[in-house]
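Only one structure is covered here, and it is reproduced in the block below.
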Amino acid sequence: MTDHRTLPSEISAWRVVRHGTPSEALQLDRVPTPRPGPGEVLIRTAATVCNYNEVDGCHGRYRTIDPPLPYTLGMELVGEVIDTGPGAESWLGQRVMATATGATGAHAEAAVAPVAMVFPVPEELDDVDAAAFFYPFHLAYLGLHERARLTAGETVLIHAAAGGVGSAAVQLAVAAGARVIATAGGDEKLEVARKLGADVAIDYRKSSFVDAVVEATDGRGVDVCFDGVGGDVMLDSLKCLARNGRHVMVGFASGIEAEDIPMITGRMLCFGNITVMGVILSYRDTAMPAGTGYNPVPRDVADGIHAHLVELLRAGRIRPLVGNVVDHTELPAALDQMEARATIGRTVVRWPS
C-alpha cells in the first residue's frame, strides 16, 4: 500500500447535484480522495469514457445505479494504480482499465475499483484506446459467445452497430466467421458498420428493419440478435429470428424504462421456437447465492475472455472505435451529444496527469 500522506487530500470530480440533462445536472467539485478497502485499488485517472447509462443517471431514471445526490458520476476509467487495500497489493503501480466500485465515481481525478473488475491494459493501447476497449469488447463477447454461443456460418443481427458496444459486436462476430446484418441511423453510421465488416447495413430510420432482414436472409431470419436498444426494437427483432434463434438483451438505449416493463409472452416463445436471454458485464471472485436474481460471471472466466480479446487485438482482428476525445472539462457537453444520438463509437474523456 502507498503511504496515504503522499496522496492529495482532495480531487476534482464531476458530481450529479440535481436531475436534468448532463449539462444541467453535473458540477465539477472538489471532493475527498477516496480510499480503497479490502480487495480494492485506487486508480489515478488518465481517461474515462461516456456511457448512456450516465445520461440516465443525470436524469435520475436509472434504477440500477441511483445513489442519493450528490454523487460522482462515471463507470469506467483507465489509469495507474496508486494505492491498494488489503489483498490487492499486487496491482500497485500497474496501468489498468477498470469499472469503478458501484459503477460510480470514475469521472474524477482518482477512483476506487474492485479487483474483480480491474484488468491490465495491453501495451499496444494508449490511454484513449484503452478506455474504448474494455467495456464494449467484454460485453460484446459475453453476449455473443458466453450467452448466445454464436458459431461460424451463422447470421447475426446487430443493432446500434456504429456505437461503442455495437461496433465491438460487429468485429467479434466477423472474427467468429458469422454473417453480420447491422442497423444504424444515417449514412455515416452505416458506412462505419460496413468498414467494420458488416455484410448488410440497414438504416432503421428509412424503412422497417424487419422487412430488410427478411429480404437479406431470403425469408429464413437470423440465428442471433444482439440488441442494445430494447423496447419496441426488441419486439420487432423477435420477428427476425429463425427457428432456434437466440435474442440477447444487452442494453436499453431506446429508454431505460423498458428494463422493468414486461414485454414477452409465452405465445411469442412457443410459437417462435426461440430463446430470449440477457447479459450483464459484472465479474466477481465469489458466486452470489441462488435466489438473488443476480448471476455475475466468475473472474476466472473473465481472465480467459480478456486474454482472448488481447489475442484478437494483437492479430489486428479487432480495434477500439473512438469517435471523439474531449478534455475532462467538456464532459457535460459530451454527454449531451450522446443523449442527442450524435456520437459514433466511444467518446473518451482525458484527465490531467
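The values are calculated or read from the model by the stated rules, or taken from the named source; none is laboratory data. Since the model is a prediction, treat every value here as computed from it, not as a measurement. Counting neighbours? That spans all protein chains shown, and the Cβs are built from the backbone with ideal geometry, glycine included.
Screening region 126-191 for helices (runs of 4 or more DSSP H) wholly inside it with 2 or more residues that are touching a residue at least 12 places away in the same chain (Cβ under 8 Å), in contact with a strand residue (DSSP E or B) (Cβ under 6 Å, 6 or more places away or on another chain) and over 21 Å from Met75 (Cβ atoms) returns the ranges 164-175. Taking (1) farther than 22 Å from Val229 by Cα; (2) outside the structural domain of Val174 (by TED's automatic domain parsing) in turn, Asn273 satisfies each apart from (2). Taken residue by residue, region 206-228 has at least one member that is small (Gly, Ala, Ser), outside the structural domain of Arg346 (by TED's automatic domain parsing) and closer than 30 Å to Gly79 by Cβ. Would you confirm whether or not region 336-351 contains a residue that is under 18 Å from Met75 (Cα atoms) and of a type in the set (Lys, Arg)? Scanning region 336-351 turns up at least one residue that is under 18 Å from Met75 (Cα atoms) and of a type in the set (Lys, Arg). Against the numbered list (1) of a type in the set (Val, Ile, Thr); (2) modelled with pLDDT of 95 or more; (3) out of contact with any helix residue (DSSP H, G or I) (no Cβ under 6 Å at 6 or more places or on another chain); (4) more than 29 Å from Ser237 (Cβ to Cβ), Val325 comes up short only at (3). With a requirement of 3 or more residues that are surrounded by 14 or more Cβ atoms within 10 Å (Cβ to Cβ), in the same structural domain as Ala258 (by TED's automatic domain parsing) and among the β-branched types (Val, Ile, Thr), none of the strands (runs of 3 or more DSSP E) lying completely within region 8-99 satisfies it.
Being at pLDDT 95 or above, surrounded by 15 or more Cβ atoms within 10 Å (Cβ to Cβ), within 21 Å of Tyr52 (Cα to Cα) and in contact with a helix residue (DSSP H, G or I) (Cβ under 7 Å, 6 or more places away or on another chain) is a property that holds for Cys225. Would you check if Asp199 is on the phi > 0 side of the Ramachandran plot and more than 23 Å from the chain's Cα centre (by Cα)? The answer is no for Asp199.
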